[in-house]
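The values are calculated or read from the model by the stated rules, or taken from the named source; none is laboratory data. None of these values were measured; they are calculated from a predicted model. Every residue, glycine among them, receives a Cβ derived from its backbone with ideal geometry; neighbour counts consider all protein chains shown.
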Ligand SMILES: NC(=O)c1ccc[n+]([C@@H]2O[C@H](COP(=O)([O-])OP(=O)(O)OC[C@H]3O[C@@H](n4cnc5c(N)ncnc54)[C@H](O)[C@@H]3O)[C@@H](O)[C@H]2O)c1
């Protein structure tokens with residue numbers, strides 16, 4: 001699999017590691033800052049980077065290298081353009097979350113991926129966490145019975161040092177706030193587990209402790225699903241000084257599971273009436289950071305999806321659903337009213353003056 005990476009910043013070592021562990025041929029990388037490329041290689045598993053060609057323009061890299069697969073780890077506001085340029089050249093794409101910053105761009109990526117017959121995967125790698133896979137298997141096997149309610153909380157810590165690393169951070173057009181950046185993985189999991197059929201969203205957001213960013217540092221929401229399930233969301237970067245948890249709870253008539261750890265990588269509670277002896281309480285998957293281990297599995301799945309000509313496990317529609325849920329929270333917070341889905345037209349930039357009105 002001839003593979004290339006676009007964007008060599010903080011998360012990029014997870015991409016290079018995933019490509020290397022899956023045996024991809026890493027042919028090229030692209031970043032406007034050559035120092036970031038050096039830094040990325042120093043933080044990734046050792047690869048023979050003498051023979052990996054470097055570019056500062058992703059279109060030039062696509063044209064000259066003709067990779068079969070690229071992964072995009074650019075600032076979020078650049079995802080759509082870099083993905084669309086790849087798709088139009090027949091290149092398969094893994095796009096970091098959020099897959100785009102507007103519904104229009106997400107729809108265009110989906111439309112073009114069909115027209116050009118390429119695979120697109122949205123990088124919601126936490127779906128591959130062992131604890132999450134266990135929850136999903138129990139759900140698919142009917143062990144929860146009729147679902148009642150669910151909750152996700154992402155309680156992490158990000159300070160001025162984090163936001164000042166790059167100009168795109170914390171702005172509605174290029175990043176969004178904690179719901180769009182840190183919490184979107186949890187929102188993806190919540191929506192997926194509850195049946196995807198999100199009907200109505202009530203949202204409230206605030207910028208409490210980070211006056212130097214444009215977007216929210218805490219957001220809460222209530223989700224109502226078509227199937228009757230209700231759920232709550234809380235995302236914050238206002239924990240004082242440490243990443244506390246990413247927890248996901250799912251309650252059904254015959255089962256209760258609570259996942260925790262810093263990124264839904266631990267099983268805190270596992271109770272099913274069909275087998276009270278079945279216990280997974282305390283299971284913990286070790287991770288090096290809050291990004292978890294899922295990139296490797298997501299890259300592996302993408303390679304198989306290309307080879308088997310099937311949809312990736314986390315496809316572009318899934319990426320759009322997570323984006324749509326966050327934009328619906330923003331819209332509800334902005335208007336002070338519940339928002340009905342589907343959202344046909346919304347973008348991060350629509351909420352630019354959320355806290356300045
Ligand atoms: N899946 C996850 O768990 C996870 C974790 C962290 C970040 N992310 C996402 O990954 C993306 C990147 O985040 P990050 O923290 O690595 O950001 P970053 O700012 O550290 O890295 C972005 C890189 O892109 C480069 N760049 C900017 N404009 C470019 C251009 N036009 N052409 C080529 N290179 C360009 C920058 O020089 C930088 O090295 C974001 O969308 C973020 O939301 C996902």
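Yes/no per residue for (1) within 15 Å of the chain's Cα centre (by Cα); (2) more than 14 Å from the ligand (Cβ to nearest atom):
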| residue | (1), (2) |
| --- | --- |
| 79 | yes, no |
| 85 | no, no |
| 91 | no, yes |
| 97 | yes, no |
| 119 | no, yes |
| 127 | yes, no |
| 140 | no, yes |
| 167 | no, no |
| 173 | no, no |
Output the residue which, of all residues in segment 33-64 that are within 25 Å of the chain's Cα centre (by Cα) and over 21 Å from residue 78 (Cβ atoms), is modelled with the lowest pLDDT. 45
Among the residues of segment 106-117, write down those that are over 21 Å from residue 298 (Cβ atoms) and either touching a strand residue (DSSP E or B) at 6+ places or on another chain (Cβ under 8 Å) or within 13 Å of the ligand (Cβ to nearest atom) (or both). none
Matching residues in segment 137-168 (more than 24 Å from residue 239 (Cβ to Cβ) and either assigned by TED's automatic domain parsing to the domain that holds residue 31 or touching a helix residue (DSSP H, G or I) at 6+ places or on another chain (Cβ under 7 Å) (or both)) number 2
Listed by first then second residue, the pairs whose first member lies in segment 35-52 and is over 18 Å from residue 23 (Cα atoms) and in the same structural domain as residue 8 (by TED's automatic domain parsing), whose partner is within 16 Å of the ligand (Cβ to nearest atom) and assigned to a loop (DSSP other than H, G, I, E, B), with beta carbons under 6 Å and at least 6 positions apart or on separate chains, are 36/8; 36/9; 37/8; 37/31; 40/8
Considering only residues that are near the ligand (Cβ under 8 Å from one of its atoms) and assigned to a strand (DSSP E or B), which ones fall in segment 7-41? 30
When segment 42-74 is examined, which residues are found to be within 11 Å of the ligand (Cβ to nearest atom) and buried (at least 17 other Cβ atoms within 10 Å of the Cβ)? 55, 58, 61, 71, 72, 73, 74
Examine segment 323-341 for a residue that is at pLDDT 95 or above, closer than 17 Å to residue 97 by Cβ, part of a loop (DSSP other than H, G, I, E, B) and touching a strand residue (DSSP E or B) at 6+ places or on another chain (Cβ under 7 Å), and state whether such a residue exists. no
